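Okay, structure first, notes after.
The values are calculated or read from the model by the stated rules, or taken from the named source; none is laboratory data. Just so you know, these numbers come straight off a predicted model, no measurement behind them. Positions of Cβ are backbone-derived with ideal geometry, glycine not excepted, and every protein chain shown enters the neighbour counts. We work out accessible area using only protein heavy atoms, side chains counted, and drop any ligands, DNA or RNA first. Shrake-Rupley method; radii C 1.70, N 1.55, O 1.52, S 1.80 Å.
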Amino acid sequence: SYEGQFESLTSNPDIVIATPGRLVEILQQTDFTLKRIQALVLDEADKLFEAGYREQLDEIIALVGKQRQTVMLSATIPDVLTDFARAGMREYVFAKIESEYTLSEKLEMHMLLVKTEEKTALLAYILSNLVKGQVIVFVSTRYWVDYLQIVLSNVFSIEGSYLYGKMDNENRAEQLDAFRHRRT
């Protein structure tokens, strides 16, 4: 809600994460300033432009101090993004990670269309019968991390390391260490 967002901004936060449209709306309705911002990060910059946020981004950049660092992250670099960078940034550096250098030649990718109620059983089957070595599985929420931890361990006897954003640092380190040393 707007009220909660206004209240959050009055606490003088170190980091603000927002959609361009909502940030512009809040800036128009409050005396919150962006002049002291040291870093501006535009994640999924290509999608922001595709979604029509160019005008809001121009407005935000005009309100941010000139001494800021701007970082634009994008999986693709459309012409509109390149033009935006050239027009709005000084001394910019274009860094591109070539996919041929980041993907292993041994990488295999498969896509399976599966009904939701069959996903867990299929994952257990794949982990037990088809995959050799360590695997990383991405899920959408902490709920799924907790769910898979219980089901894979208790039902299918598959031990794994489990990570999510709000995990405390000690537990996260233990989970990563177990994976790193191939105990899971």
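Close contacts from segment 37-53, counting a first residue that is part of a loop (DSSP other than H, G, I, E, B) and a second that is aliphatic (A, V, I, L, M), with Cβ to Cβ under 6 Å and a gap of 6+ residues or different chains, come to 37/64; 43/73. Looking only at residues of segment 70-103 that are open to solvent by 70 Å² or more (accessible area, probe 1.4 Å) and of a type in the set (S, T, N, Q), we find that the one that is modelled with the lowest pLDDT is 99.
Hey, any hits in segment 123-130 for a residue that's in a loop (DSSP other than H, G, I, E, B), modelled with pLDDT of 90 or more and open to solvent by less than 80 Å² (accessible area, probe 1.4 Å)? Among the residues of segment 123-130, not one is in a loop (DSSP other than H, G, I, E, B), modelled with pLDDT of 90 or more and open to solvent by less than 80 Å² (accessible area, probe 1.4 Å), which makes the answer no.
From the set of residues in segment 131-183 that are in contact (Cβ under 8 Å) with a residue 40 or more places away in the chain and part of a loop (DSSP other than H, G, I, E, B), which is surrounded by the most Cβ atoms within 10 Å (Cβ to Cβ)? Result: 134.
Only one of the numbered conditions (1) open to solvent by 60 Å² or more (accessible area, probe 1.4 Å); (2) modelled with pLDDT under 75; (3) not aliphatic (A, V, I, L, M) is not met by residue 67, and that is (2). Residue count for segment 1-24 satisfying the condition of being in contact with a helix residue (DSSP H, G or I) (Cβ under 8 Å, 6 or more places away or on another chain) and farther than 14 Å from residue 72 by Cα: 10. The single condition among (1) outside any helix (DSSP H, G or I); (2) of a type outside the set (A, V, I, L, M); (3) within 14 Å of residue 61 (Cα to Cα) that residue 21 does not meet is (1).
Residues in segment 45-64 that are acidic (Asp, Glu), open to solvent by 30 Å² or more (accessible area, probe 1.4 Å) and either in contact with a helix residue (DSSP H, G or I) (Cβ under 6 Å, 6 or more places away or on another chain) or modelled with pLDDT of 85 or more (or both): 55, 58, 59. Going by the structure shown, is residue 128 under 22 Å from the mean Cα position of the chain (by Cα) and under 15 Å from residue 184 (Cα atoms)? For residue 128, the condition - under 22 Å from the mean Cα position of the chain (by Cα) and under 15 Å from residue 184 (Cα atoms) - is not met.
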